[in-house]
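Participant: First the structure, which I've put down as structure tokens, then a few questions once you've had a look.
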Amino acid sequence: MYYDLTKVLSYNAFLNILIGGRGIGKTYSCSKFVTKQFIKKGEEFAYIRRYKSDLKKSVPKFFEALNKNEEFTGHKLYTKGDSFFIDDKQCGYAFTLSTAQDLKSSNFSKVKYIIFDEFILEEGQKHYIKNEVESLLGLIETIGRLRDIKIFMLANAVTIANPYFIYFDLTLPYGSDIKTFKDGLILVNYIESSEEFLNAKKNSSFGKLIEGTEFGDYAINNIMRLDNKTFVEKKTGTSKCSFAFQFKNKIYGVWFDFNAGKIFVSEDYTENVQFFACTKDDQTPNTMLLSAAKDYHCWKLFVKNYKLGNVYFESLKIKQATQELLRIMLIK
């Protein structure tokens, strides 16, 4: 009835991204796997959450379900502070991504597995940390060094418009539940709920309450809840590229179609337009910092039309990246 990690493990991917409905057993399956590996081989694990408040809620419950279901009878599983123990031996460490830089000189030579839980933010939760993907990569390097480790990133079916899908240029599998990227180094598993699990959830009191609602599509049918395709549209053939901006190592072109009264943001751009860098990290020779060019006519026109609802995006990932940029620029 619940999620099983076996199929994913058979691919032997380095970075495993597991996305599925609430309560399907993603965390349970991963916690069971790393517990078994420690008992069998002495291989340790790291458990990551974004903020300290997330750890305080989740660490004490990490072994709770395994103990309740008596998965490891004869073994003592418990947590103490930010550490995990099996039979009074430390088997795991809990870290926050927001303080990952503090661990650079630490030694985790026995850590074989990393679990990053709830890596996609739900609506209304705290924001992603600055340069989050790079922070995770730095933490992976600190823990793994040159060893062959395995990372599991878990999330509910919220949105593909998140920093990790944008950074690695990932998509969901279509026509299958698994898709690999970068020659098999990255695996994305869009988990399909079993009929037994779906029926159990639909027939529960809560399932009947949310039946036919948008939240029901998310909680039961595993439909990405925040992937609102409003303002997602391909640019017209009569659009002209006005300027381009670089944000988080990607270049986006801004295309105007005055006849249609629409502006489009695309990954396409032309070389003969003004290029802007959104941050100093993005700046390269012959690019102007956008913060120093807020009075640039086309940028002002772009922002004005965004506020009027006349700006469209060629994909959800472009929409998310542009909205993140505009939030930064309009707050300053």
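Participant: Determine, yes or no, whether ILE151 is assigned by TED's automatic domain parsing to the domain that holds LYS26, surrounded by 21 or more Cβ atoms within 10 Å (Cβ to Cβ) and modelled with pLDDT of 80 or more.
Facilitator: yes
Participant: Can you find a residue that is surrounded by fewer than 16 Cβ atoms within 10 Å (Cβ to Cβ) and hydroxyl-bearing (Ser, Thr, Tyr) anywhere in segment 32-52?
Facilitator: Yes, there is a match, as at least one residue in segment 32-52 is surrounded by fewer than 16 Cβ atoms within 10 Å (Cβ to Cβ) and hydroxyl-bearing (Ser, Thr, Tyr).
Participant: Got at least one residue in segment 57-65 being small (Gly, Ala, Ser) and surrounded by fewer than 14 Cβ atoms within 10 Å (Cβ to Cβ)?
Facilitator: No, every residue in segment 57-65 fails to be small (Gly, Ala, Ser) and surrounded by fewer than 14 Cβ atoms within 10 Å (Cβ to Cβ).
Residues are listed down the side, and each one gets a yes or a no for (1) touching a Phe, Trp or Tyr at 6+ places or on another chain (Cβ under 8 Å); (2) within 30 Å of LYS110 (Cα to Cα); (3) surrounded by 13 or more Cβ atoms within 10 Å (Cβ to Cβ); (4) modelled with pLDDT under 70:
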| position | (1), (2), (3), (4) |
| --- | --- |
| ARG145 | no, yes, no, no |
| ASN162 | yes, no, yes, no |
| PRO173 | yes, no, yes, no |
| ASP177 | yes, no, yes, no |
| PHE181 | yes, yes, yes, no |
| LEU187 | yes, yes, yes, no |
| LEU198 | no, no, yes, yes |
| SER205 | no, no, no, no |
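Participant: Looking at (1) farther than 17 Å from GLU267 by Cα; (2) at pLDDT 90 or above; (3) touching a Phe, Trp or Tyr at 6+ places or on another chain (Cβ under 9 Å), which one does VAL254 not meet, given that it meets all the others?
Facilitator: Status for VAL254: all satisfied but (1).
The values are calculated or read from the model by the stated rules, or taken from the named source; none is laboratory data. Nothing here was measured: the structure is a model prediction, and the numbers come from that model. No Cβ is skipped: glycine too gets one built from the backbone with ideal geometry, and neighbour counts run over all protein chains shown.
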